[in-house]
1. Can you tell which of B:ALA174, B:ALA137, B:ALA215, B:ALA220 is at the interface with another protein chain (Cβ under 10 Å from one of its Cβ atoms), in contact with a strand residue (DSSP E or B) (Cβ under 8 Å, 6 or more places away or on another chain), of a type in the set (Gly, Ala, Ser) and over 18 Å from C:PRO256 (Cβ atoms)?
2. State all residues of region C:253-302 that are small (Gly, Ala, Ser) and part of a loop (DSSP other than H, G, I, E, B); if no residue qualifies, say none.
3. Go through (1) touching a helix residue (DSSP H, G or I) at 6+ places or on another chain (Cβ under 9 Å); (2) buried (at least 21 other Cβ atoms within 10 Å of the Cβ) and name the single condition C:LEU202 misses.
4. If I ask for residues that are over 15 Å from B:GLN303 (Cα atoms) and more than 14 Å from every other protein chain (Cβ to nearest Cβ), which ones from region B:114-132 would you list?
5. So, D:ASP278, is that one closer than 22 Å to C:THR245 by Cβ and either more than 7 Å from every other protein chain (Cβ to nearest Cβ) or buried (at least 24 other Cβ atoms within 10 Å of the Cβ) (or both) or not?
6. Can you name the residue in region B:131-153 that is basic (Lys, Arg) and assigned to a loop (DSSP other than H, G, I, E, B) and is also farthest from A:GLN195 (Cα to Cα) among such residues?
7. Looking at region B:79-96, can you tell me whether even one residue there is among the polar types (S, T, N, Q), over 15 Å from the mean Cα position of the chain (by Cα) and modelled with pLDDT under 95?
8. Right, A:ALA158: at pLDDT below 95, within 14 Å of another protein chain (Cβ to nearest Cβ) and at negative phi or not?
Protein chains: 4
Amino acid sequence: MERLRIGVIGLGWFGEIHCETIVGVPNLELAALCTRTPERLDAMAAKFGVSKTYRDYHDLLADPEIDAVSIVTMWDQHTEPAVAALAAGKHVFLEKPMASTVPDCESILAAAAKAEGILLVGHICRFNPRYRMAKQAIEKGTIGRIVSLSSRRNIPAAWTPEILNKIGPIVGDAIHDTDLMLWFTGDRVVSTYAQTVDVRGLKHPDIGQTMYRFAGGATATLETVWCMPEHTPFDIDERMTVIGTEGFLHIQDTFPNLGIVSADAFHSPDTTYWPEFDGVRGGALREEFTYFAHCALTGAQPQIGRPEDAMRALEATLAAEESARTGEVVRLA
Amino acid sequence: MERLRIGVIGLGWFGEIHCETIVGVPNLELAALCTRTPERLDAMAAKFGVSKTYRDYHDLLADPEIDAVSIVTMWDQHTEPAVAALAAGKHVFLEKPMASTVPDCESILAAAAKAEGILLVGHICRFNPRYRMAKQAIEKGTIGRIVSLSSRRNIPAAWTPEILNKIGPIVGDAIHDTDLMLWFTGDRVVSTYAQTVDVRGLKHPDIGQTMYRFAGGATATLETVWCMPEHTPFDIDERMTVIGTEGFLHIQDTFPNLGIVSADAFHSPDTTYWPEFDGVRGGALREEFTYFAHCALTGAQPQIGRPEDAMRALEATLAAEESARTGEVVRLA
Amino acid sequence: MERLRIGVIGLGWFGEIHCETIVGVPNLELAALCTRTPERLDAMAAKFGVSKTYRDYHDLLADPEIDAVSIVTMWDQHTEPAVAALAAGKHVFLEKPMASTVPDCESILAAAAKAEGILLVGHICRFNPRYRMAKQAIEKGTIGRIVSLSSRRNIPAAWTPEILNKIGPIVGDAIHDTDLMLWFTGDRVVSTYAQTVDVRGLKHPDIGQTMYRFAGGATATLETVWCMPEHTPFDIDERMTVIGTEGFLHIQDTFPNLGIVSADAFHSPDTTYWPEFDGVRGGALREEFTYFAHCALTGAQPQIGRPEDAMRALEATLAAEESARTGEVVRLA
Amino acid sequence: MERLRIGVIGLGWFGEIHCETIVGVPNLELAALCTRTPERLDAMAAKFGVSKTYRDYHDLLADPEIDAVSIVTMWDQHTEPAVAALAAGKHVFLEKPMASTVPDCESILAAAAKAEGILLVGHICRFNPRYRMAKQAIEKGTIGRIVSLSSRRNIPAAWTPEILNKIGPIVGDAIHDTDLMLWFTGDRVVSTYAQTVDVRGLKHPDIGQTMYRFAGGATATLETVWCMPEHTPFDIDERMTVIGTEGFLHIQDTFPNLGIVSADAFHSPDTTYWPEFDGVRGGALREEFTYFAHCALTGAQPQIGRPEDAMRALEATLAAEESARTGEVVRLA
């Protein structure tokens, strides 16, 4: 088998981006699509020229010509399809957050332990070359012992009204930085305190500020603002600073990287995560799928995107959200 | 009276910088110096050509030819000289933090209420033109209602071992950003949570991360790292972002403003606060003394550097330090 | 004499800014105003509370109660008032460019040589603390021998239609960087090649790119674009890099210093040159006037803003404009 | 044929990087190696586990099991192997500069016109996602008509002593920006003026500053300094600004993207062009090889990296070098 035949389950805006990415990965074949909505299913099948279409993922999983699935359903609807796909012997690419509760993560982990296929959770930032280079430097001891971290991941208000009715900025976005911080420190979060601000009266608050204490003593702040004003030049204002005893590192994945001023506005379009060129997505998302395909085809368990790590990141952000609700520090076992 | 005759009480490194600044302000005359250490007193008198020298500030205050004093003693030794100077009818420029306890601030405020002279607390950042322009924009409504703030004020490890035996980074430096945030929001802090990290085993921890909740609902994080590794290019890594409902503002008072790479290192020297040109200090410190002299000569109460504001900033940072010590959220009345 | 009584000749937009600055300098008194337009004269007299008003500068120069003048007439109308003011024994602050021809500069220099008063040409960038700190570092040998320089000074199209009917971007703006490069290198320009682009069909082309060769071998490029598109976030996009054999320095006097996003646009307002706070101008322009007043009151010849230097800067930019017109390299004697 | 079997001709430092990249491209197989030096050949064969090794490229070209070659010989030794490889029916990936003279480029173009295989010239910057996104925006008309461009591509002195004995910074590096400017404008260079500075007395001067005039009237400056002082934080200081009538775009592919401060120094390592992760190279070089493999396997002529474009870029930089030698403007037919 030289190409992995993959089906995408869940065809919202990000499921479509998965498809646009998969078609550019040489050893992946976009072989099946699945969503409950018939119109959307037809439209996507036509767009990507895919003949196998399913409204029920169980049918897709029953198809022996499908080797792998990418699960891009709502974050609180990950567990059932993930467990079923693993049980069906498929390789599974599961979007982040891994699930919406820690017990759900444990169910998925249990299924993965018995599965033939591999399981990779899509913590895409680990495929951003800046963070990956940072991790490499940290492992070499370049900055010594990590003592302090801070991150920002702020996005325009215009993007979020729909999302904010499904998920909040801490579990939705600070989970990226939480995962990176856990990766960089090789440590675990022992307590968290967080504050949110409800600006627009949507289901979840628009702003989260989170603080962590790590077991080894390091401290961290994480900023996630999902209501950046209209004229923000930063499509994502994404920064992280990691301070060690011997050195530090700083990542800024936004302007001045690339700034485009048009007759209407100033933007810093994404060139890191899933930039589109000629209808195909590149960037970290392509790297992630290439890595997934490589692991699946060679039978190697992924070392990046491990479900155990994804569960820890979820646990910390859920604790942060609890802190924001209760106003108290939340300690983790 | 066209020039204000001023004496400096306290001649440590920053007292000397006060002197180097005062000599460049047209309507100030550096007329007297005071410190307990005779050698230092002689050296400074010679350097600045000042003939009136005192080892006891009471003697300086008794001199009718002195109109004003600048108090640059240790932060926990501000109260007595400030109260005495106000009682003696002098105009008083008092360095920040205003004092080391809220009751001490109240004593100074009480003395100021009865005094003939003016009292200005040296919250120098308000004279940084970037923050001042920001305040002006906020007052015009440019960014709408403030919902989220974050700041960083990190300095090299080499600067701090001596300071850290006297004061910690939250009261010592986050007080600047606390004061600015109170100024920008026009609000008060209702609760705080903070974490510190002790890196080098000095009297105070090297790192502070602070979170505030404001009465109006805004949230804030403040980062102060006093142990930035040796090769940091930022002499001060100073940034603030203030996010409102209509817009936001971002201040970065470090590289790439000015970066100087020498044969040995990369530096971003201060050009904002007290840059030295031909032996005289300019920048915000000169602006502050010019404003002080102007107020004193015209009899106007300062609107920038008000002691009531300085007390509120101190109160919030002391509460943050208490939170860091206890591990609990501290609520302010 | 403790305050210098100064009159402003020329009350266009920048003459008004001179006035707004002078009123904030302790040892200057804004004592007289002069312009040919009666309505403007009345309006400015009312705004600044100045009782001495003149429509002919000869009358102002005849007034023995005026110690100094600031000349802010059109750049090609500098020579006569400057020579007359020097002949009348006034101290002279002359805006840049010094004049519109080298022979005119020589006339002014000859008048200055015989004058009692001082003459300072307003090359304001030398009072920008970033450039001044850079000069100090260069003089200490921090970067070794200078081998390469480059600069940018770009401004929004909306500012320039009127100016471009009077002066072009090379003589109008690259003269700042030319003066700084001459200051930094301590050298002279031996040849220049320049290209312009006429974008809007105004009297002068909107864009100039200039290259210099210095006598000591260093090379330089200077970019001046006076038609930056509407949504540029940079009110002035101002940068300079100076590369030496041992080190280099980089100055960036624009965003991210201060960025303000409003409901309408993103701006980086000036906080360096003449920021306005409470109706009074600060920044480098105030520093420049303070220095001018100090020199005039103490009788010291200015070491910054020397007319000889200003003439060399003009000479180089006029040669660059000639090159742009002819398409050939222009060599200087 | 699902994988393209490729041989690398020329195994200097960059030939090795080609190999480290090829091994990470799914549809490429690193199948042969060729260099004249036996020790190097053995070492590289061992490192990459390649069994087919050749000391004479003619032998490699005679091997029917090789589908494609990557030519990474010295820039002035490109023509013969490129022509021979095309004549032998191989697909050819040819490093930039395409050749060392325009007639040589024409020979290669003539060979390509008759060839079965495709020819791609490795102008890697076109695969940098920032430039590619910029090109896409320009094509959509986002910035209107281009009127002015400027670029910088400066590298540390420590990297260049050996290179500077083979090639100078204008043909060696400004060719990247020349190619990008030609791509962005869709125009051609009609004249050039350039200045170089010889700092270290190597075969080629260390510094080049180049100016272009495009047929449509746009103007450009290009800075290439190959002697950046030791403590430069920029491994590559790479920037470009493209100004149009309606908007502009700005690319900065260096710090603050990623900065790493260690105990010894401050660096901005490359994460764009050929970052190494676990011994395999990613970034733009992998994109370029993936694109090459895709075109070769599908039989499509590359639209990016076209030899006609590469010849035009070479022609302009050679003219700039001639201008630097003669001191005169060089006009292109």
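The values are calculated or read from the model by the stated rules, or taken from the named source; none is laboratory data. No experiment lies behind these values; they were computed from the predicted model shown. No Cβ is skipped: glycine too gets one built from the backbone with ideal geometry, and neighbour counts run over all protein chains shown.
1. Every option except B:ALA220 fails the conditions.
2. Of everything in region C:253-302, those that are small (Gly, Ala, Ser) and part of a loop (DSSP other than H, G, I, E, B) turn out to be C:SER262, C:ALA263, C:ALA265, C:SER268, C:GLY279, C:GLY282, C:GLY299, C:ALA300.
3. Exception for C:LEU202: condition (2).
4. B:LYS114, B:ALA115, B:GLU116
5. Here the answer is no, as D:ASP278 does not meet what is asked.
6. B:LYS140
7. no
8. Spelling it out, A:ALA158 is indeed at pLDDT below 95, within 14 Å of another protein chain (Cβ to nearest Cβ) and at negative phi.
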